[in-house]
Structure formats: C-alpha cells, structure tokens
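Notes follow the structure.
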Amino acid sequence: MADKNQARDKFGSRFGVIAAAAGSAVGLGNIWKFPYIAGIYGGAAFLFVYLAFILAIGLPVMLSELIIGRKSQRNAFGAFKVLAPGTPWKYIGILGVSAAFLILSFYGVVAGWSVQYIILSIQDGFSNRSPEQIASLFTTFTTSPIRPVILQLVFMIATGAIVIIGVKKGIEKYTKILMPLLVVILVGLAIKSVSLEGAKAGLDFLFKPDFSKLTGEGVLSALGHAFFTLSLGMGTLITYGSYIQKNNNLVRTVIEVTLADTVIAILAGIAIFPAVFAFGIEPTEGPGLIFVTLPNVFHQMPGGFLFSILFFVLLTVAALTSSISILEVVVAYFKEEFNISRKGATVLATILISMLGVLCSLSMGVLEPVKIFGLNFFDLMDWISANLLLPIGGLFIALFIGWFFGRKKVEEEVANGGKLSGALLSVFMFLVKFIAPIAIAIVLMNKVGLLNFG
Ligand code: PHE
C-alpha cells in the first residue's frame, strides 16, 4: 500500500499504451519460440490450434487483465487485494510473480544469444560458412560455460536499468521507437526466404495442416504459447493496465495488440520455414532453430551483412521491451507490497532472477546431464511457466472476471463512461465464464491424464 495517496506513473499517450503492451507481447516468443515449437509440433496443425486459442482465450483474458489492473491501480498481487479483499484470489498474483521469475530466467539467456549474434554479424561471422558450420557455431557458443552467461548478465543489467528509470521515461520511450522497423526487416527476410529454391515445402509445412500429427503435448504447448506470446496469465497486463489512463479504449487496445503480435509471429514463420527446408535443416531442431537458419539466408541476400546486424539488434530490442515487462511484474509487487523503493526492488529482483538464469545457461552445456522430469533446467523453466503457470493463471483470471467481478463492473470499466454494445459484452462474459476456463481445464487435464484425447 506504499503509494496509496501518491500519483502513480501513467502511460502518456494512447500510442504509448499500445507501444508498451505490444512491446511486451512482441518478443522472443514470436520470433524465436513460435517457429521452434511450431516446428516440433507439426507446423500448420499447431499454428491453427494456437490461433484458435488466441481468439477464444487470449483476447478475453487480455481484456480481463487490463480491467483488473486499471480498476485496481495495483500490481498483480495487490490488485486482487483491492478488488476482492479478504479472499484467496490474491494468490493468483503470487502465481504470476513466480511465473515472472521463471520466465525471465531463461528469457535473459536467449536474449544473450541474440546479443552474441549481433557481435557475430558485425564480425561478418556467417559468410563463407556452410549450413553445418553455422549450426556448430551455435552449439559451440551456447554450450560454453562463460560467454553466454556474461551476455545474459549484460542483458539483465540493461533490463534492470530501464525498469529503474520507471514507466514513462523508461518503458514507454524505449518501446515506441523501433517496433515498426522490426516489421520492415521481417518482411524483407520473408520475401527472401520465400524466393529460395525449395521454399514451397516450408510454406506447406506452415500452412497446410495435418491434424493427425497433433498430440496432447502439442495442444498444451499451443495453449501455453498463446499465453506466453501475448504476455498473459501472470499479471503483466494487470501491472501495465494499472498505468493506463481511464479514457483509453481497452477493447481497441486488446485487438490492436493481439493483431500485431499474431502478424509478427506468422511473418517470422514465413521468414524461417521456407529457409529451413531450403537449407535442409530439421524443423524439429529446437531452441536453436532461428540461429542456425537465418544466418544462411543473410549471407545469400544483397546487403545481408547490414541486414543481419539490424535483425539481431531489433530482436534484442524486442526482447528488451518484453523483459522489462516481465521484471516490472516482480518490481511492482516488491515495491507496493513490501514498501521498497523502485530502485531497491529492481536490484533485488534482477539479482535473484539472474542467478536462476545462470543455471539455465549452464544447463545447455556443463549442466546438461542434470535432468528433472527428463528436462534440463532451461527447458524445465520454460515448460513449467508457459505450459503450467500461465494457463492456470489465465484460468483463474477468467473465472475472477466472469464469476466474481461480474458483468456490471466490467461494463463500467470498459465503457469509459460511454456505452458498450450489449452483444459484445455478452460474448465476452460467455467466453470468460465458460469457454476459456473449460478449454484450459480440458487441455491441462488431458495432459496430466485425467482425461484422455491422446
Ligand atoms: N510475450 C513475450 C514474448 O513473446 C514474453 C512474455 C511472456 C512477456 C510473459 C511478458 C509475460 O516474447
């Protein structure tokens, strides 16, 4: 309750809101993670299930989070204490803060890889190398014990520094500058990739579904990724919602952010899969997929040298605008619930998360033999957070808005003093009361074996 009577930071403009929320949503999830898990779980079939989850669950949960944040003016935990005092709903916030810890620990590692690829691009490290040499470049680097750890720490320090500067000067300013450029670069890459010989197999893989390839694990990953890519289920958008001004049209914000996020993921898919097939790379390659694929495309492009520098710089920036939104969940919680200064909260959170991150990084190499549930530490952090904590968080957020908060208050908060279409409101309430929670519950139960759809 530290700042009850003190003005909270606010996003300055409508564009600032979109840029910050889209900056959070668009990140490694779209460009690094989406292609690699789509590759593992069968391409188009995965894509279509993921899109269905975005529409039926992602959109309503995003609106729910923004409503909770803006109404309560609090962090992910405090929000529930304000809106539902004396009830256990606040534990959703604890779940969210925990998810933020786990996600940022591996996110920082991958962002560190992206920094390494800026350096390699500047050194012209990809030219005159065969696809095999490019692949071994990645493995040698990620399995080594020192360099990836250092780069992860550098990235985490940058994240912490921006979060200390605060919402308006830090988050908003850095997110609205470079995003459009990223889209331009992706379009350029996609055009080149599609024109490669053998590209068609990649487009078929991404757009012609073979639903017989879909497994229970694949459906769970599509659900988890729908949450991950939209930054949902852990209170990021509760926290950001609390910085949004009262006159912002939340429905419009939700639609624009979701659209931007989805378009960028699909663009990344079009940039990557044709090249994957053209260069004889396995789509099931895993977390290294973009790092072993795209350098091959760059060095066949006119201006590829500059293009690759620009691409990895923008990927790192996209990662940064997401990582600050993850760290902000933890910082807002520490700051408001324990009365710590923004600076102290940020330093503490950054140190703790970076320590977990070191383990994630080492688990690609020296700690690879250490397995928990058959996964190394890096994959475990990813799996628990994206496939478990985020969907469970989303389930309860939907239930909270649908059954506890209720239609009347939703209307008040969303209409901004104006009118809201009754039909729209009814569809939204139906989704948060029934569709989203039931769908999430079915996917999770199928996974633990309580239900069995194969
Ligand atoms: N949505 C971000 C991405 O796609 C990751 C993220 C997850 C950010 C959860 C905030 C919360 O890269």
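The values are calculated or read from the model by the stated rules, or taken from the named source; none is laboratory data. As the structure is a prediction and not an experimental result, all values here were calculated from the model. Virtual Cβ from ideal backbone geometry, glycine too; neighbours counted across all protein chains shown. For accessibility, only protein heavy atoms count, side chains too; no ligands or nucleic acids. Shrake-Rupley method; radii C 1.70, N 1.55, O 1.52, S 1.80 Å.
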Yes or no: region 330-348 includes at least one residue that is within 16 Å of the ligand (Cβ to nearest atom), open to solvent by 10 Å² or more (accessible area, probe 1.4 Å) and in a helix (DSSP H, G or I). yes
All-but-one check, residue 356 against (1) away from the ligand (no atom under 16 Å from the Cβ); (2) open to solvent by 30 Å² or more (accessible area, probe 1.4 Å), failing number (1)
Among residues of region 224-247 being among the polar types (S, T, N, Q) and open to solvent by less than 10 Å² (accessible area, probe 1.4 Å), the residue farthest from the ligand (Cβ to nearest atom) is 242
From the option list 277, 298, 273, single residue qualifying as open to solvent by less than 30 Å² (accessible area, probe 1.4 Å), at pLDDT 95 or above and not aliphatic (A, V, I, L, M) is 273
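For every residue, the table says whether it meets (1) among the acidic types (Asp, Glu); (2) at negative phi; (3) in contact with a Cys (Cβ under 9 Å, 6 or more places away or on another chain).
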| site | (1), (2), (3) |
| --- | --- |
| 189 | no, yes, no |
| 204 | yes, yes, no |
| 239 | no, yes, no |
| 248 | no, yes, no |
| 280 | no, no, no |
| 288 | no, yes, no |
Exactly one of 378, 373 is closer than 20 Å to residue 228 by Cβ and touching a Cys at 6+ places or on another chain (Cβ under 6 Å), and that residue is 378
By residue number, the members of region 34-64 that are more than 12 Å from the ligand (Cβ to nearest atom), aromatic (Phe, Trp, Tyr) and open to solvent by less than 10 Å² (accessible area, probe 1.4 Å) are 46, 50
In region 391-435, residues that are in a loop (DSSP other than H, G, I, E, B) and polar (S, T, N, Q) total 2
Taking region 75-89 and keeping only residues that are open to solvent by 20 Å² or more (accessible area, probe 1.4 Å), assigned to a loop (DSSP other than H, G, I, E, B) and touching an Asp or Glu at 6+ places or on another chain (Cβ under 9 Å), one is left with 77
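Regarding residue 219, is this residue out of contact with any Pro (no Cβ under 7 Å at 6 or more places or on another chain) and modelled with pLDDT under 90?
Here the answer is no, as residue 219 does not meet what is asked.
Tell me yes or no: at least one residue of region 22-33 is part of a helix (DSSP H, G or I), within 16 Å of the ligand (Cβ to nearest atom) and more than 30 Å from residue 216 (Cβ to Cβ).
Checking region 22-33: at least one residue is part of a helix (DSSP H, G or I), within 16 Å of the ligand (Cβ to nearest atom) and more than 30 Å from residue 216 (Cβ to Cβ).
Quick one: in region 122-174, which of the residues that are assigned to a helix (DSSP H, G or I) and of a type in the set (Lys, Arg) is modelled with the highest pLDDT?
147
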Note to self: Among the residues in region 257-264, are any under 26 Å from residue 142 (Cβ atoms), modelled with pLDDT of 95 or more, crowded, with 20+ Cβ neighbours inside 10 Å and away from the ligand (no atom under 16 Å from the Cβ)?
What the structure shows: no
Picked from region 65-105 (must be among the polar types (S, T, N, Q) and more than 15 Å from the ligand (Cβ to nearest atom)), the residue farthest from residue 403 (Cα to Cα) is 73
